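Before any comments, here is the structure.
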Amino acid sequence: MTSGKHGEFESDASSESLLARAYGLKTPEDAKGLYRDWAKTYDHHLENGLLYLGPKKIAAMLAEGLEEKSARIIDIGCGTGLVGQYLVSHGFTHIDGLDFSPEMLAVARSKSIYRELIQADLEKPIDLAPGTYQGAISCGTFTHGHVGPGAIREIFKLLAENAWFACTIHGHLWHEAGFERALTQLQDERVMTIEAVRDEAYFDGKEPEGKFCIFRKSPV
Ligand SMILES: C[S@@+](CC[C@H](N)C(=O)[O-])C[C@H]1O[C@@H](n2cnc3c(N)ncnc32)[C@H](O)[C@@H]1O
(Lines give C-alpha, C1' and ligand atoms only; values in the text may rest on other atoms or scores of the structure.)
Protein backbone atom coordinates (compact mmCIF):
# COMPACT_ATOMS: atom_id res chain seq x y z
CA MET A 1 0.00 0.00 0.00
CA THR A 2 1.27 3.50 -0.77
CA SER A 3 0.53 6.65 1.15
CA GLY A 4 -0.61 8.54 -1.97
CA LYS A 5 -4.34 8.40 -1.27
CA HIS A 6 -3.86 10.11 2.11
CA GLY A 7 -0.83 12.31 1.55
CA GLU A 8 -0.40 13.49 5.10
CA PHE A 9 -0.24 9.96 6.43
CA GLU A 10 3.29 8.59 6.22
CA SER A 11 3.19 5.38 8.24
CA ASP A 12 1.15 3.00 6.10
CA ALA A 13 3.81 0.28 6.46
CA SER A 14 3.31 0.57 10.20
CA SER A 15 -0.45 0.12 9.74
CA GLU A 16 0.13 -3.10 7.80
CA SER A 17 2.64 -4.38 10.35
CA LEU A 18 0.25 -3.66 13.23
CA LEU A 19 -2.50 -5.53 11.37
CA ALA A 20 -0.10 -8.46 10.84
CA ARG A 21 0.68 -8.38 14.57
CA ALA A 22 -3.07 -8.42 15.32
CA TYR A 23 -3.64 -11.45 13.05
CA GLY A 24 -0.65 -13.25 14.63
CA LEU A 25 -1.85 -13.03 18.25
CA LYS A 26 -1.54 -16.28 20.19
CA THR A 27 -2.70 -15.51 23.73
CA PRO A 28 -5.06 -13.06 25.49
CA GLU A 29 -1.96 -11.46 27.05
CA ASP A 30 -0.57 -10.83 23.54
CA ALA A 31 -3.89 -9.25 22.56
CA LYS A 32 -4.00 -7.01 25.62
CA GLY A 33 -0.40 -5.94 24.96
CA LEU A 34 -1.10 -5.12 21.32
CA TYR A 35 -4.17 -3.02 22.08
CA ARG A 36 -2.42 -1.28 25.00
CA ASP A 37 0.30 -0.16 22.57
CA TRP A 38 -2.11 0.61 19.73
CA ALA A 39 -5.04 2.36 21.45
CA LYS A 40 -3.98 5.97 20.88
CA THR A 41 -3.12 5.55 17.18
CA TYR A 42 -5.60 2.77 16.31
CA ASP A 43 -8.21 5.02 14.65
CA HIS A 44 -5.57 6.76 12.56
CA HIS A 45 -4.00 3.49 11.38
CA LEU A 46 -7.30 1.81 10.68
CA GLU A 47 -9.13 4.63 8.97
CA ASN A 48 -6.33 6.54 7.22
CA GLY A 49 -3.74 3.79 6.77
CA LEU A 50 -5.85 0.71 6.08
CA LEU A 51 -9.06 2.37 4.84
CA TYR A 52 -11.14 0.30 7.27
CA LEU A 53 -14.77 -0.09 6.17
CA GLY A 54 -15.90 -2.84 8.55
CA PRO A 55 -17.57 -0.64 11.18
CA LYS A 56 -19.55 1.35 8.61
CA LYS A 57 -20.77 -1.81 6.84
CA ILE A 58 -21.75 -3.77 9.94
CA ALA A 59 -23.54 -0.77 11.49
CA ALA A 60 -25.55 -0.47 8.26
CA MET A 61 -26.46 -4.18 8.49
CA LEU A 62 -27.73 -3.80 12.05
CA ALA A 63 -29.75 -0.74 10.99
CA GLU A 64 -31.41 -2.79 8.21
CA GLY A 65 -32.92 -5.07 10.84
CA LEU A 66 -33.25 -3.03 14.03
CA GLU A 67 -35.67 -0.18 13.40
CA GLU A 68 -36.18 1.13 16.98
CA LYS A 69 -33.63 3.93 17.42
CA SER A 70 -33.93 3.91 21.23
CA ALA A 71 -33.20 0.17 21.40
CA ARG A 72 -30.52 -0.79 23.88
CA ILE A 73 -27.48 -2.02 21.93
CA ILE A 74 -24.21 -3.57 23.08
CA ASP A 75 -21.05 -3.17 20.98
CA ILE A 76 -19.00 -6.30 21.65
CA GLY A 77 -15.22 -5.72 21.40
CA CYS A 78 -15.99 -2.03 20.97
CA GLY A 79 -12.32 -1.01 20.98
CA THR A 80 -12.00 2.74 20.46
CA GLY A 81 -15.63 3.12 19.42
CA LEU A 82 -15.52 3.20 15.61
CA VAL A 83 -18.67 1.06 15.37
CA GLY A 84 -20.43 3.23 17.96
CA GLN A 85 -19.75 6.32 15.86
CA TYR A 86 -21.57 4.77 12.89
CA LEU A 87 -24.45 3.59 15.08
CA VAL A 88 -24.89 7.19 16.23
CA SER A 89 -24.97 8.32 12.60
CA HIS A 90 -27.87 5.86 12.06
CA GLY A 91 -29.73 7.58 14.91
CA PHE A 92 -29.27 4.97 17.67
CA THR A 93 -29.29 6.59 21.09
CA HIS A 94 -28.57 3.88 23.70
CA ILE A 95 -25.27 2.11 23.06
CA ASP A 96 -23.13 0.28 25.60
CA GLY A 97 -19.63 -1.02 24.83
CA LEU A 98 -17.67 -4.04 26.08
CA ASP A 99 -13.97 -4.75 25.67
CA PHE A 100 -11.15 -6.24 27.75
CA SER A 101 -8.57 -3.53 26.95
CA PRO A 102 -8.63 -0.62 29.41
CA GLU A 103 -6.62 1.51 26.97
CA MET A 104 -9.07 0.95 24.09
CA LEU A 105 -12.00 1.61 26.46
CA ALA A 106 -10.36 4.89 27.54
CA VAL A 107 -10.34 6.11 23.93
CA ALA A 108 -13.96 4.99 23.48
CA ARG A 109 -14.91 6.84 26.68
CA SER A 110 -13.34 10.07 25.40
CA LYS A 111 -15.80 10.09 22.47
CA SER A 112 -18.90 10.23 24.77
CA ILE A 113 -20.84 7.82 22.53
CA TYR A 114 -21.48 5.00 24.97
CA ARG A 115 -23.78 5.05 27.99
CA GLU A 116 -21.87 2.27 29.77
CA LEU A 117 -18.46 0.83 29.03
CA ILE A 118 -17.87 -2.61 30.46
CA GLN A 119 -14.43 -4.14 30.88
CA ALA A 120 -14.86 -7.90 30.41
CA ASP A 121 -13.18 -10.89 28.78
CA LEU A 122 -15.35 -12.52 26.11
CA GLU A 123 -13.62 -15.87 26.62
CA LYS A 124 -15.28 -16.05 30.06
CA PRO A 125 -18.99 -15.99 31.04
CA ILE A 126 -20.29 -12.41 30.70
CA ASP A 127 -21.62 -11.04 33.98
CA LEU A 128 -24.58 -9.04 32.61
CA ALA A 129 -28.31 -9.61 33.08
CA PRO A 130 -29.84 -12.02 30.53
CA GLY A 131 -32.24 -10.46 28.02
CA THR A 132 -30.91 -6.89 28.47
CA TYR A 133 -30.33 -5.86 24.86
CA GLN A 134 -32.50 -5.44 21.76
CA GLY A 135 -29.39 -5.25 19.60
CA ALA A 136 -25.77 -6.41 19.59
CA ILE A 137 -22.98 -5.68 17.18
CA SER A 138 -19.36 -6.73 16.83
CA CYS A 139 -16.69 -5.84 14.29
CA GLY A 140 -13.20 -7.30 14.03
CA THR A 141 -13.42 -9.27 17.27
CA PHE A 142 -14.02 -12.76 15.82
CA THR A 143 -10.71 -12.84 14.02
CA HIS A 144 -7.24 -14.42 14.16
CA GLY A 145 -5.95 -14.70 17.72
CA HIS A 146 -8.95 -12.87 19.21
CA VAL A 147 -12.27 -14.36 20.33
CA GLY A 148 -13.52 -17.88 19.51
CA PRO A 149 -17.03 -19.14 18.65
CA GLY A 150 -17.91 -20.05 22.26
CA ALA A 151 -18.56 -16.37 23.00
CA ILE A 152 -21.46 -16.25 20.54
CA ARG A 153 -23.70 -18.44 22.73
CA GLU A 154 -22.90 -16.13 25.69
CA ILE A 155 -23.82 -13.05 23.64
CA PHE A 156 -27.22 -14.52 22.73
CA LYS A 157 -27.95 -14.90 26.45
CA LEU A 158 -27.70 -11.10 26.79
CA LEU A 159 -30.30 -10.55 24.08
CA ALA A 160 -34.06 -10.12 24.44
CA GLU A 161 -36.48 -12.10 22.27
CA ASN A 162 -36.40 -10.95 18.62
CA ALA A 163 -33.21 -8.93 19.22
CA TRP A 164 -30.79 -8.49 16.32
CA PHE A 165 -27.08 -9.33 16.36
CA ALA A 166 -24.81 -8.16 13.51
CA CYS A 167 -21.16 -9.22 13.49
CA THR A 168 -18.13 -9.86 11.35
CA ILE A 169 -16.30 -13.18 11.42
CA HIS A 170 -13.01 -13.59 9.60
CA GLY A 171 -13.61 -15.80 6.54
CA HIS A 172 -10.48 -17.88 7.18
CA LEU A 173 -11.89 -18.90 10.57
CA TRP A 174 -15.47 -19.54 9.43
CA HIS A 175 -14.91 -23.31 9.00
CA GLU A 176 -11.43 -23.65 10.50
CA ALA A 177 -12.23 -22.31 13.97
CA GLY A 178 -15.74 -23.79 14.10
CA PHE A 179 -17.83 -20.62 13.71
CA GLU A 180 -20.11 -22.07 11.03
CA ARG A 181 -20.70 -25.21 13.11
CA ALA A 182 -21.43 -23.19 16.27
CA LEU A 183 -23.87 -20.93 14.42
CA THR A 184 -25.66 -23.84 12.75
CA GLN A 185 -26.01 -25.50 16.12
CA LEU A 186 -27.53 -22.35 17.67
CA GLN A 187 -29.99 -22.20 14.78
CA ASP A 188 -30.84 -25.91 15.10
CA GLU A 189 -31.45 -25.40 18.83
CA ARG A 190 -33.82 -22.52 17.90
CA VAL A 191 -31.75 -20.02 19.89
CA MET A 192 -31.63 -17.78 16.82
CA THR A 193 -32.06 -17.60 13.06
CA ILE A 194 -29.33 -16.73 10.59
CA GLU A 195 -30.88 -13.85 8.59
CA ALA A 196 -27.97 -13.10 6.22
CA VAL A 197 -24.27 -13.83 5.70
CA ARG A 198 -22.43 -11.68 3.14
CA ASP A 199 -18.82 -11.92 1.94
CA GLU A 200 -17.41 -8.40 2.26
CA ALA A 201 -14.05 -6.64 2.49
CA TYR A 202 -12.93 -5.20 5.80
CA PHE A 203 -10.66 -2.72 3.99
CA ASP A 204 -11.26 -0.63 0.88
CA GLY A 205 -9.58 -2.20 -2.16
CA LYS A 206 -8.88 -5.52 -0.41
CA GLU A 207 -10.35 -9.01 -0.85
CA PRO A 208 -13.72 -9.81 0.78
CA GLU A 209 -12.14 -11.58 3.75
CA GLY A 210 -15.03 -11.11 6.16
CA LYS A 211 -18.32 -12.87 6.71
CA PHE A 212 -20.71 -10.03 7.58
CA CYS A 213 -23.58 -11.70 9.43
CA ILE A 214 -26.92 -10.78 10.92
CA PHE A 215 -28.83 -13.04 13.28
CA ARG A 216 -32.13 -12.76 15.14
CA LYS A 217 -32.78 -14.16 18.61
CA SER A 218 -35.76 -16.50 18.55
CA PRO A 219 -38.78 -16.00 20.78
CA VAL A 220 -38.87 -18.54 23.63
C1 LIG B 1 -9.71 -5.31 15.86
S2 LIG B 1 -10.25 -4.58 17.34
C3 LIG B 1 -11.88 -4.07 16.84
C4 LIG B 1 -12.37 -2.87 17.59
C5 LIG B 1 -13.63 -2.24 16.99
N6 LIG B 1 -14.76 -3.13 17.08
C7 LIG B 1 -13.36 -1.86 15.57
O8 LIG B 1 -13.93 -2.46 14.65
O9 LIG B 1 -12.57 -0.93 15.38
C10 LIG B 1 -10.60 -5.99 18.38
C11 LIG B 1 -11.04 -5.61 19.78
O12 LIG B 1 -11.38 -6.81 20.47
C13 LIG B 1 -10.92 -6.70 21.81
N14 LIG B 1 -10.75 -8.07 22.34
C15 LIG B 1 -9.91 -9.02 21.88
N16 LIG B 1 -10.03 -10.13 22.62
C17 LIG B 1 -10.98 -9.86 23.57
C18 LIG B 1 -11.55 -10.62 24.64
N19 LIG B 1 -11.17 -11.87 24.89
N20 LIG B 1 -12.50 -10.03 25.40
C21 LIG B 1 -12.89 -8.76 25.16
N22 LIG B 1 -12.39 -7.99 24.17
C23 LIG B 1 -11.44 -8.54 23.38
C24 LIG B 1 -9.62 -5.93 21.71
O25 LIG B 1 -9.26 -5.32 22.93
C26 LIG B 1 -9.95 -4.92 20.60
O27 LIG B 1 -10.43 -3.70 21.12
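The values are calculated or read from the model by the stated rules, or taken from the named source; none is laboratory data. All of these numbers come straight from a predicted model, not from anything done at the bench. Note that each Cβ is placed from the backbone with ideal geometry, even for glycine, and that neighbours are counted across all protein chains shown. Heads up: the accessible areas ignore ligands, DNA and RNA and are worked out on the full protein's heavy atoms, side chains in. Shrake-Rupley method; radii C 1.70, N 1.55, O 1.52, S 1.80 Å.
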Which whole-number percentage describes the relative contact order of the chain, with Cα contacts under 8 Å and a sequence gap of 6 or more?
19 percent
Rounded to whole angstrom, the alpha-carbon centroid of the stretch 158-199 lies from that of the stretch 93-157 at a distance of 16 Å
Okay, which of the stretch 146-164 sit inside 16 Å, backbone N to the point 7 Å along the Cα-Cβ direction of GLU68?
158-164
Alpha-carbon Rg with Dmax, taken over the stretch 10-49, Å:
10.0, 30
Between HIS144 and THR27, how many nm apart are label points set 7 Å from Cα along the C-beta direction?
2.0 nm
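Past 26 Å, Cα to Cα: identify those pairs from LYS40/LYS211; LYS69/LYS217; LYS26/LYS211; LYS56/LYS124, in the order given. Write out the running numbers ahead of the final one.
Values: LYS40/LYS211 28 Å; LYS69/LYS217 18 Å; LYS26/LYS211 22 Å; LYS56/LYS124 28 Å.
The answer is LYS40/LYS211; LYS56/LYS124.
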Could you compute how much accessible surface LEU117 exposes when probed at 1.4 Å, giving the result in Å² to the nearest 10?
40 Å²
Among TYR86, ALA71, THR27 - extreme Cα towards positive end, dipole of the chain, charges at beta-carbon
ALA71
Mind grabbing the accessible area of ARG109 for me, 1.4 Å probe, Å², rounded to tens?
140 Å²
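Kirkwood Rh, the stretch 54-217, all Cα pairs: how many Å?
On the way: mean 1/r = 0.0644 Å⁻¹.
The Cα-based Kirkwood calculation yields 15.5 Å.
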Distance in nm between pseudo-label sites at LYS40 and SER89 (7 Å out along the Cβ direction from Cα)
2.7 nm
Normalised convex hull volume, the stretch 40-141, alpha-carbon set, Å³ per residue
94 Å³
To the nearest 10 square angstrom, how much accessible area does SER112 have with a 1.4 angstrom probe?
100 Å²
